[in-house]
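Let me begin by presenting the structure, written as structure tokens, before commenting on it.
What follows is calculated from the coordinates using simple rules that are stated; it is not laboratory data. Model, not experiment: these values are computed from the prediction. Methodologically, a virtual Cβ is constructed for each residue, glycine included, from the backbone with ideal geometry; neighbour enumeration extends over all protein chains shown.
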Amino acid sequence: MQSLPSAGLLFLASALASATASLATARTVWDGVYTEAQAARGITAFGQSCAGCHALAAEGKAPLAGDPFWKSFAQKSVRDLLEFVSTYMPNGTPGSLSEPTHNDIVALILKSNGFPAGTTELGRNTVAGVQIIPKDGSAELPASALARVVGCLARSGADWVVTNATTPERAERVAAGGDDATRPLGSRTMPLRFVVTRLDALAGSRVAVSGLLIGAGGVDGINVTTVNRVAQKCP
């Protein structure tokens, strides 16, 4: 077998080191991306502009903590959360608050969900790429999250399933098409629930399915909204 030139070996070693460093330095909400003082300011801003429509708890009117928070923002980033707040809040008068006020409100939302404070204030330029994931690092989406999977459409008795399904991803974070026809598939089987259209013509093909997950990670299937063929044959 022909050996690589020394320059090629150096390039590969450098690329591996870079990839390892990137993984090691990936930041999450557990690294402290807001300050206690900022969250304290957020209490006043939230009370004045948000409390009439939202609750900083897992229950109540339009809750922003606990399971409802994870349902909406797991697998997203703090930048996504900030963009959402900046774009849609306050209800009825979006864009009426200053950028620092939005930052303070997001800091309070993070504190209300048990994420630790740090030494740097949260801002648009400090939270890009900061992932919202459970403390154990799990990437599984929670039940009722709007998700998308790619796999092979097949029959299982009277029901439809997607075999070799990919891990569910946020539907709103994945561009339609892309590499769906050639991307590596997974090993799970995803039952399709509440299918209202005929799928016989798609049997045996590679499909992309979107819908609401039933159970964490879609353990009990996916409540289907769309099924689209991405390749004639599967896998």
Checklist entry - So what are the three principal axis dimensions of the chain from its Cα atoms, in whole Å, longest to shortest? => result 59, 57, 29
Item to check | Given charges at Cβ of Lys, Arg, Asp, Glu: the chain dipole, positive-most of 125, 211, 30 | outcome: 211
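To the nearest 0.05, what FRET efficiency results for residue 48 and residue 228 with a Förster distance of 45 Å applied to their C-beta separation?
Details: r = 45 Å, r/R0 = 0.99.
Efficiency for this residue pair is about 0.50.
Would you mind classifying segment 103-207 by shape? Square roots of the alpha carbon gyration tensor eigenvalues, ordered a ≥ b ≥ c; an a/c under 1.5 is rounded, otherwise it is prolate if a/b is larger than b/c and oblate if not.
prolate
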Checklist outcome for this item: Toy charge model, Lys and Arg Cβ at +1, Asp and Glu Cβ at -1: the chain dipole around Cα centroid in debye, rounded to 20, equals 560 debye
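Tell me whether segment 29-86 comes out rounded, prolate or oblate; compute the Cα gyration tensor, take square roots of the eigenvalues as a ≥ b ≥ c, and use a/c under 1.5 as the rounded threshold. Numbers along the way, then the final one.
Details: a/c = 1.65, a/b = 1.06, b/c = 1.55.
It is oblate, given that a/c is not under 1.5 and a/b is not larger than b/c.
Can I get the semi-axes of segment 193-235's equivalent ellipsoid? Compute them from the C-alpha gyration tensor as square roots of 5 times the eigenvalues, in angstrom, largest first.
For segment 193-235, the ellipsoid semi-axes come out as 20, 12, 8 Å.
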Checklist outcome for this item: Applying a 4.7 angstrom Cβ cut-off across the chain, unpaired cysteine residues come out as 50, 53
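Let me check against my output: what whole-number percent is the relative contact order of the chain, with C-alpha pairs under 8 Å and at least 6 apart? It would help to have the intermediate numbers written out before the result.
Details: 424 pairs, mean separation 42.9, N = 235.
RCO, the chain: 18 percent.
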